[in-house]
1. I'm trying to understand the selection: among the residues of segment 125-138, which are loosely packed, with under 15 Cβ neighbours inside 10 Å and either over 18 Å from the mean Cα position of the chain (by Cα) or over 16 Å from residue 165 (Cβ atoms) (or both)?
2. With respect to the numbered conditions (1) part of a strand (DSSP E or B); (2) more than 17 Å from the chain's Cα centre (by Cα), which one is the sole condition not fulfilled by residue 48?
3. Identify all residues within segment 54-91 that are surrounded by 13 or more Cβ atoms within 10 Å (Cβ to Cβ) and within 16 Å of residue 116 (Cβ to Cβ); write none if there are none.
4. Counting only residues that are more than 13 Å from the chain's Cα centre (by Cα) and at pLDDT below 90, how many does segment 73-102 have?
5. Mind counting the residues in segment 55-69 that are in contact with a strand residue (DSSP E or B) (Cβ under 7 Å, 6 or more places away or on another chain) and farther than 19 Å from residue 15 by Cα?
């Protein structure tokens, strides 16, 4: 994963991070249950590990992704979208998309990715019956290659991303030819 374009608590992708965090918390809950299971005073505390799991897997990422990221500094947000969908293989993920003049930021789980429009090779939209898929092809390793969600606001943002990526590709060849002259 390229650290220039990624800001993540976990060293691997969103889906693997979610399932490894879930496994670690479930294992910690089992250990706590075995250690405290014989004590009469702690019999009714089984809900506490479930509450901790819920807060760290659902509420924690939502709060974390609302905070300003290092990519957001000195940038003006043109459009933002908070949604639920599929990202990097994790279904039902809460994510946030932020559109800047220079690129797009994707936030999901405890991961943040910034993709400048200069690094986007192609961006395309696949329309389905119930949801839409935004495909982003870049040369950056580790960033999400697609996001699936529904709603008119998501589709509008996806069209803006596609349009800006195409406009940037049209500008780059002419700028290169001027630089060669």
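The values are calculated or read from the model by the stated rules, or taken from the named source; none is laboratory data. Quick caveat: nothing in here was measured; it's all calculated off a predicted structure. So basically every Cβ, Gly included, is an ideal-geometry build from the backbone, and we count neighbours across all protein chains shown.
1. Start the filter on segment 125-138 by keeping residues that are loosely packed, with under 15 Cβ neighbours inside 10 Å, which leaves 125-130, 137.
Hits for segment 125-138 are 126, 127, 128, 129, 130.
2. Residue 48 satisfies all of (1) part of a strand (DSSP E or B); (2) more than 17 Å from the chain's Cα centre (by Cα) except (1).
3. Within segment 54-91, 69, 71, 72, 75, 78 qualify.
4. 2
5. Going through segment 55-69, the residues in contact with a strand residue (DSSP E or B) (Cβ under 7 Å, 6 or more places away or on another chain) turn out to be 61-62, 65, 69.
Keeping just the survivors that are farther than 19 Å from residue 15 by Cα gives 69.
The qualifying residues number 1.
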